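Report on the structure given below.
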Amino acid sequence: MSHPPQQPPQQPQYMGQQQFQQPQPAQPPQYKKRKKWPWIVGGLVLIAFIFGAANAQDNATPSAGSETANADAQAADKQEQQNPAPEENTQQDSSGVTRLDFGETHTWSGGEVITVSAPEEYTSSNQFTQAPEGKRYVALDVTITNKGDDEYNAMSTKLTVQHNGQVAQQNHMAGDSLPDVQLPPGGSTTFTSVYEIDEETGKLQVSVQPNVFASETVYFSGQF
């Protein structure tokens, strides 16, 4: 008995010569990320503006303390203009010696400030203390100020006077003796010393030391 021939497997059906494709699932929409840096920069600019405005207001509005300080400074300037300090001018020659004119001021390292005024003719009202023949008297005002940190006794000051190269003798019967005055820091005193010199005009020189141990001697000089 013969068997019928087997049929080959059937192929998938095509539509319009193309195989039917299964639809793909829809993709979710893509959103662009917003940039954050413009907001950050804007915030920093706003903060800087607020601080700048606050500082400008503080500077424009003076405090009571600053107004008081300005008033004190103006008062001090006015006081200094009315009572100027003695002129200080340190002039050293080639040997390192300090030479000043009368009326100038010098400050030592210890804070002693000394001024020798311009010399003036001195005439005694006492007939028994008149200058000898060929002689005359000269008066010198010496001002001492203590700008150091410790007390200072004006009696420690050492003065020597020469006129035309000769030693001038002090007239202890006229003027003031070297004062035994204790000067606290900031204290000041003035005394007058009288010396006998020749009638002939010449160079008057006064050497000054704040004490005998001072390493610096200052020379005030001028014609008299």
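Each value in this text was obtained by applying a stated rule to the coordinates, not by laboratory testing. Please read these numbers as outputs of a predicted model, since none were measured by experiment. Every residue, glycine among them, receives a Cβ derived from its backbone with ideal geometry; neighbour counts consider all protein chains shown.
Can you compute the FRET efficiency between residue 203 and residue 178 using 1/(1 + (r/R0)^6), with r the Cβ-Cβ distance and R0 = 30 Å? Round to the nearest 0.05. Write out the running numbers ahead of the final one.
Values: r = 24 Å, r/R0 = 0.79.
Calculated value: 0.80.
Spin-label point model (7 Å from Cα, Cβ direction): what's the residue 153 to residue 133 distance in nm?
4.4
Sort 217, 145 so the one with the fewest other Cβ atoms within 10 Å of its own Cβ comes first.
Values: 217 13, 145 22.
In order of increasing Cβ crowding within 10 Å: 217, 145.
In a shell of Cβ-Cβ distance under 15 Å around residue 152, excluding residue 152 itself, what net charge do Lys and Arg (+1) and Asp and Glu (-1) give?
Values: positive: 147, 158; negative: 112, 149, 150, 151, 180.
Net local charge, residue 152 excluded: -3.
Taking H placed 1.01 Å from N in the peptide plane, check which residues at least 5 places from residue 104 or on another chain put their amide H under 5 Å from its amide H.
Answer set, sorted by chain and number: 116.
Among 214, 108, 191, pick out the residue whose Cα is farthest towards the positive end of the charge dipole of the stretch 88-224, where Lys and Arg carry +1 and Asp and Glu carry -1 on C-beta, about the Cα centre.
214
With +1 on each Lys and Arg Cβ and -1 on each Asp and Glu Cβ, how big is the dipole of the stretch 98-223 about its Cα centre, in debye rounded to the nearest 20? Mind showing how you got there, number by number?
On the way: 6 positive and 17 negative charges, 31 e Å.
That gives the stretch 98-223 a dipole magnitude of about 140 debye.
Work out the FRET efficiency for residue 93 and residue 190 from their Cβ-Cβ distance, taking R0 = 25 Å, and round it to the nearest 0.05. Can you show the working numbers first?
Working: r = 28 Å, r/R0 = 1.14.
The computed FRET efficiency comes out at 0.30.
Name the residues whose placed amide hydrogens come within less than 5 Å of the amide hydrogen of residue 158, ignoring near sequence neighbours (fewer than 5 apart) on the same chain.
209, 211
What percent of all Cα-Cα pairs in the stretch 98-223 falls in each 10 Å bin, counting up from 0?
Spelled out per bin, shortest first, that is 13, 44, 31, 11, 1.
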